[in-house]
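Undergrad: Below are the structure tokens for one structure; questions will follow.
The values are calculated or read from the model by the stated rules, or taken from the named source; none is laboratory data. These numbers were taken from a predicted model, which means no experiment stands behind them. Cβ: placed from backbone, ideal geometry, glycine included. Neighbour counts: every protein chain shown.
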């Protein structure tokens, strides 16, 4: 009989997962002990300001990541009558297809081995339009005019300065928002006490935090507004298109708008949490093995995907989620019918968009990211409709009389 190999016994996937979770929990406990933080301290954290702290830090990282990225502007430039795909950062340009975006740099810098080309260098390049070889028969120049690059350089310089200054209120907002969130914790409470001794009371600190969030929003808004207004309409052939780095700012502006509004409402008690808390409680107490829970989770996932889609484009079909959410909260069938009809119409147009979509290898990174997100959103639409059908059947099986009465009452409300 063959002997069994010696060594450590094999673990199942579940046992391995439990062990990893246990190790992570122990590391978390050790870190909290070293920092002097207890479970009671964690419970005393103000959750909305604490969440806002991470959002402001995340937006700061987005700003820094977008500044040097070659995905601000995409267009077609000309050199000796030949078109080349151009990708612009705030200060430099590269030329080539998405798979090899620097392949054609040599046609614009005059050297077979040149790196990223400064926009100021392209702006200062002299172009002779007096000879017949420099223009097409229709009068168009065979090269991209310096004025195009000068406009892009001016826009990039101003936006780079605005974003650089915008990091300051973002960091200040991160620090002071965290202080407000953790003022009841012993570790950071001492720092908060020192800030108060300097004359910054809690009320003043709230105004400082909200002011920093407003300043961050303003810097992002101005940067997007100025760049969109100042960039050239063309780089020599056709029109230009704002790319993913501009979309990252759009995503950041959306985050700052929503989280900043919620934070301000929470700090100054402008928001009444009763109805929101009721909806959250209804979601939490709903069992996981029900179609209603699946409906909730699919809508949440789709909403998150719509948020990330703003990096590529703004799709107002996200508003339809409000109809479905209101139906779940208020149990009004009218909103369910409107949601199904409008989503079905959007699916028809989604088919046209999908069939006209180019291959992913021909897309820029921003286009590829947005297209993948969009495909996932489009896939979720029929899934959600199927979940609605199963949820309605589930309701009818539980209490068909109650379901009928709710529908009948709703029609009476419409008649009135």
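Undergrad: Do we have any residue at all in the stretch 230-239 that's touching a helix residue (DSSP H, G or I) at 6+ places or on another chain (Cβ under 9 Å), at pLDDT 90 or above and part of a helix (DSSP H, G or I)?
TA: yes
Undergrad: Is the stretch 152-173 home to any residue that is more than 30 Å from residue 55 (Cβ to Cβ) and touching a strand residue (DSSP E or B) at 6+ places or on another chain (Cβ under 7 Å)?
TA: First pass over the stretch 152-173, keeping only residues more than 30 Å from residue 55 (Cβ to Cβ): 152-154.
Then drop every residue that is not touching a strand residue (DSSP E or B) at 6+ places or on another chain (Cβ under 7 Å), which leaves 152.
There is at least one residue in the stretch 152-173 that is more than 30 Å from residue 55 (Cβ to Cβ) and touching a strand residue (DSSP E or B) at 6+ places or on another chain (Cβ under 7 Å).
Undergrad: Within the stretch 95-132, track down each residue that is under 21 Å from residue 74 (Cα atoms) and exposed (fewer than 12 other Cβ atoms within 10 Å of the Cβ). Lay out the reasoning, then the answer.
TA: At the first step, the residues of the stretch 95-132 found to be under 21 Å from residue 74 (Cα atoms) are 95-109, 114-125.
99, 100, 115 - these are the residues of the stretch 95-132 that are under 21 Å from residue 74 (Cα atoms) and exposed (fewer than 12 other Cβ atoms within 10 Å of the Cβ).
Undergrad: Given the residues 203, 125, 177, which is the only one that is within 34 Å of the chain's Cα centre (by Cα) and in contact (Cβ under 8 Å) with a residue 12 or more places away in the chain?
TA: On the way: 203 fails: in contact (Cβ under 8 Å) with a residue 12 or more places away in the chain; 125 fails: within 34 Å of the chain's Cα centre (by Cα).
Unique residue meeting the criteria: 177.
Undergrad: For the stretch 126-142, check the following and say yes or no: at least one residue is in the same structural domain as residue 223 (by TED's automatic domain parsing), in contact with a strand residue (DSSP E or B) (Cβ under 8 Å, 6 or more places away or on another chain) and under 26 Å from residue 90 (Cβ atoms).
TA: Of the stretch 126-142, the ones in the same structural domain as residue 223 (by TED's automatic domain parsing) are 126-142.
Next, from what is left, pick out any that are in contact with a strand residue (DSSP E or B) (Cβ under 8 Å, 6 or more places away or on another chain): 127, 129, 134-135, 141-142.
Imposing the further condition that a residue be under 26 Å from residue 90 (Cβ atoms) reduces the set to 127, 141.
The answer is yes; a qualifying residue exists.
Undergrad: For residue 320, are the conditions met, namely being in the same structural domain as residue 386 (by TED's automatic domain parsing), at pLDDT 85 or above and either surrounded by fewer than 14 Cβ atoms within 10 Å (Cβ to Cβ) or within 19 Å of the chain's Cα centre (by Cα) (or both)? Working first, answer last.
TA: Values: in the same structural domain as residue 386 (by TED's automatic domain parsing): yes; at pLDDT 85 or above: yes; either surrounded by fewer than 14 Cβ atoms within 10 Å (Cβ to Cβ) or within 19 Å of the chain's Cα centre (by Cα) (or both): yes.
Criteria met by residue 320.
Undergrad: So, one more: Out of 171, 249, 222, I need the residue that is surrounded by 22 or more Cβ atoms within 10 Å (Cβ to Cβ), in the same structural domain as residue 91 (by TED's automatic domain parsing), within 20 Å of the chain's Cα centre (by Cα) and not in a loop (DSSP other than H, G, I, E, B). Which one? Give the steps one after another, and end with the answer.
TA: Values: 171 fails: surrounded by 22 or more Cβ atoms within 10 Å (Cβ to Cβ); 222 fails: surrounded by 22 or more Cβ atoms within 10 Å (Cβ to Cβ).
Answer to the selection: 249.
Undergrad: Counting residues that are within 30 Å of residue 175 (Cα to Cα), which helices (runs of 4 or more DSSP H) fully inside the stretch 37-156 reach at least 1? Even if it seems obvious, please write down each step before you answer.
TA: Working: elements: 39-43, 47-67, 106-109, 119-123.
Those helices (runs of 4 or more DSSP H) span 39-43, 47-67.
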